[in-house]
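What follows is a set of notes on a single structure, which appears directly below.
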Amino acid sequence: MRDNYDNPNPPKRSEIKPGMAVWIIEKENYGTKDYKQGFVRDILTSKEDHSRGVKVRLADGSVGRVQWFVDN
């Protein structure tokens with residue numbers, strides 16, 4: 001079940017590139033506002049999109065689903 005905090009239209013895989021600054025939600029934090037900011041190291045989802053967001057690994061090793069891009 002989706003919650004009120006997740007982005008209802010998370011970015012698609014083709015919009016995400018290594019090195020980009022993003023906000024992710026880690027699995028253990030689903031349903032909370034505990035987002036994490038970081039830089040994409042690897043894109044882990046093979047499909048173009050996912051209802052919760054494309055899964056990525058950040059430069060610090062954290063794994064989560066992209067919710068938003070960090071505004072520059």
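Numbers at a glance
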{"read-out": "Residues of region 63-72 satisfying the condition of being among the β-branched types (Val, Ile, Thr) and either out of contact with any Leu (no Cβ under 9 Å at 6 or more places or on another chain) or assigned to a loop (DSSP other than H, G, I, E, B) (or both)", "value": "Val66, Val70"}
{"read-out": "Test: Pro18 is in contact with a strand residue (DSSP E or B) (Cβ under 6 Å, 6 or more places away or on another chain) and of a type outside the set (Gly, Ala, Ser)", "value": "yes"}
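Quick note: the coordinates plus some simple rules give every number you see, no bench work behind them. This structure is a prediction, so every number in the text was calculated from the model and none was measured. All Cβ positions, glycine included, derive from the backbone under ideal geometry; neighbour counts span all protein chains shown.
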